[in-house]
Amino acid sequence: MLHRQVVMDLYFSKICLLQLENNPFVFNKLFELKTRGANVYVNSNSDYITQYKWISQIDFKSTFALNQNESINQLNFSQTEEIFTSIQKNSSEYRLTDSGIRAQFESQSYNVIKGKSTTISWDIKEADSVSIDGFGEVSSSGKKVVQVLDNTLLTLKASNRKERKFKAIYLRAIESLEINFDVLFLNLASKKFVSLKTEGDSDGVFGVSKEHKIKVIWNVPHAETVEVQPFGFGTKSGAHTFMPEGTSEINIKASLQEQVVNQRIIIHQYPMPIFAEELVKIKRDFYNQTKFSYKDMRGQAFLFVNDKRKLDSLEELKAKVSEQEEILLEKFKNLNFSKFYEEHSISKLNNTIFGRLKAYFSDRPEVKKMLDTLQQYEDVE
């Protein structure tokens with residue numbers, strides 16, 4: 001790949017490099033890679049490097065990792081972005097000598113609105129010749145404005161009598177900046193978070209019952225800046241769990257170059273105080289009707305056994321005990337709410353509530369949308 005002038009970045013942990021230095025053959029091969037153009041870095045602090053012995057990125061198209069099980073895994077694009085965003089901040093070039101080529105090749109923005117421009121810059125030390133694909137031979141340092149019409153890989157090549165070096169930057173053309181988000185509630189029955197969004201739902205109005213936690217998730221990977229208010233978060237992706245009170249408003253603001261987009265999320269806490277009467281009335285004597293009493297036949301049997309004079313009535317006592325058991329079992333069988341549920345089914349009651357709410361807010365489409373979401377939520381519950 002280096003012979004074909006393909007850009008290769010290799011990231012090693014400190015421990016891994018110490019192991020390589022103890023193997024002369026492998027150590028020499030590593031330096032041969034450096035002189036042929038590979039960029040070798042040592043990472044000081046990265047969660048990903050601790051999971052793998054080394055990570056390789058090739059032309060921003062392929063990424064491989066050698067993990068502790070000595071197997072090479074090819075990582076997908078989303079993993080690649082996450083990995084290199086993390087490890088590049090804590091990496092430095094490995095064993096850079098005074099005569100070695102030092103190359104900086106950067107872009108003002110790596111995500112560019114399609115048709116817009118960005119400024120690339122470079123600063124190369126200890127090189128006899130420098131060239132950039134599409135621009136040809138360039139000076140050792142400089143800047144150029146690049147219009148981005150499609151995803152573009154720019155490769156810089158620098159060389160001297162002892163070595164050469166390849167560096168690349170990847171400019172991603174973004175059609176439009178989009179905010180991906182989701183709103184979930186904690187299902188008290190399953191103890192799991194369930195999404196309140198429906199397919200194609202983007203207006204951001206939701207309803208939730210009291211005492212249900214809410215989790216808001218956002219992801220704007222291509223933005224330059226992101227603000228999540230009122231929580232004060234500034235990360236491109238994240239999640240926050242909170243307990244809503246009344247009506248909660250969340251605003252996600254993202255920007256890329258001159259483009260600024262906002263996503264407003266409204267969460268209404270349910271129920272709303274619009275009911276003047278009870279939908280289900282319980283009769284005052286309801287509890288009295290469910291009461292029953294029974295005699296302590298166990299105590300009576302104990303007294304009877306101790307009274308030998310009544311042994312001739314043992315059969316009569318057994319009959320009474322059996323009779324009381326049957327009466328008690330029948331009472332327990334009848335002690336349920338099946339008749340109540342027949343008269344007041346939960347689904348029928350919910351439909352009555354939602355129907356009344358929708359009629360009450362018929363002139364407010366945003367509330368009606370929230371009620372539709374809430375009805376779906378109740379069905380999941």
Amide H proximity to SER109 below 5 Å, modelled H, separation 5+ or other chain, gives THR119
Under a plain spin-label model, where a point goes 7 Å from the Cα along Cα-to-Cβ, how far apart in nm are TYR170 and LYS358?
4.8
Pairs from LYS89/LYS116; LYS116/LYS143; LYS116/LYS197; LYS14/LYS34; LYS14/LYS236; LYS192/LYS236 whose Cα-Cα separation, in the structure shown, is over 22 Å
LYS89/LYS116; LYS116/LYS197; LYS14/LYS236; LYS192/LYS236
Starting with the fewest neighbours, write out LEU349, LEU154, LEU357 ranked by other beta-carbon atoms found within 10 Å of each beta-carbon.
LEU349, LEU154, LEU357
Residues GLU211, GLU163 in order from fewest to most other beta-carbon atoms within 10 Å are GLU211, GLU163
Once amide H atoms are placed 1.01 Å from N in the peptide plane, what residues at a sequence separation of 5 or more from PHE233, or on another chain, have their amide H within under 5 Å of its amide H?
VAL228
Qualifying trypsin sites (Lys or Arg not before Pro) in the range 59-120, DSSP loop, other Cβ atoms within 10 Å at most 13
LYS61, ARG95
Using the number of other C-beta atoms within 10 angstrom as an exposure proxy, rank ILE217, ILE132, ILE346 with the fewest first.
ILE346, ILE217, ILE132
Taking θ as phi - 60°, what are the ³J(HN,Hα) couplings along the range 165-178 by the Karplus curve (6.51, -1.76, 1.60), each to the nearest whole Hz, with x for Gly and Pro?
8, 10, 10, 9, 10, 10, 9, 9, 7, 9, 4, 7, 7, 10
Restricting to DSSP loop positions (anything but H, G, I, E, B) with no more than 15 other Cβ atoms inside 10 Å of their own Cβ, which chymotrypsin sites (Phe, Trp or Tyr not before Pro) remain in the range 129-227?
PHE135
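Read-outs: derived from the displayed coordinates by stated rules, not from any lab. Remember, it's a predicted structure, so these values are computed and weren't measured experimentally. Every residue, glycine as well, gets a Cβ built from its backbone with ideal geometry; the counts of neighbours run over all protein chains shown.
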